[in-house]
């Protein structure tokens, strides 16, 4: 089972973010032996960071040891379905702020794998309280 990497972590490393670039790269290096992957949602979200150049994006991910070919499963869909329903119910009652559906999809994907590497753990904790999360 792989660790799923949130989009922000990949961008931190790609852009050598002054606050998070080194910390994110170090954590990914530490977890590389356990397997690293991104969700199909993150793959799509990364397109602008590579100017839409698919070859460059795939090359970067391959060189970083990040699997991007693992597909979305039926279990991922079920997990996302449940999480989105709970999120919308809580949001309608005024308990939760709006969150992009991409975060729910990434969280659902990570829930069916080893866990999630992100620097935005709070964005995932409410909807996925049992998700193992690592932060740089």
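Side notes on the structure shown:
- Residue in region 75-128 that is nearest to the chain's Cα centre (by Cα), counting only those that are within 30 Å of residue 21 (Cβ to Cβ), part of a loop (DSSP other than H, G, I, E, B) and without any contact (Cβ under 8 Å) to a residue 24 or more places away in the chain: 100
- Residue in region 79-93 that is closer than 22 Å to residue 25 by Cα, crowded, with 16+ Cβ neighbours inside 10 Å and at pLDDT 90 or above present: no
- The set of residues in region 1-19 that are over 11 Å from the mean Cα position of the chain (by Cα) and part of a strand (DSSP E or B) is empty.
- For region 39-74, the candidate set comprises residues that are assigned to a loop (DSSP other than H, G, I, E, B) and in contact with a strand residue (DSSP E or B) (Cβ under 9 Å, 6 or more places away or on another chain); within that set, the residue that is surrounded by the most Cβ atoms within 10 Å (Cβ to Cβ) is 39.
- From 32, 27, 22, residue being assigned to a helix (DSSP H, G or I) and buried (at least 18 other Cβ atoms within 10 Å of the Cβ): 27
- Verdict on residue 58 being touching a residue at least 24 places away in the same chain (Cβ under 8 Å) and at negative phi: no
The values are calculated or read from the model by the stated rules, or taken from the named source; none is laboratory data. Quantities reported herein were computed from a predicted structural model and do not represent experimental measurements. Methodologically, a virtual Cβ is constructed for each residue, glycine included, from the backbone with ideal geometry; neighbour enumeration extends over all protein chains shown.
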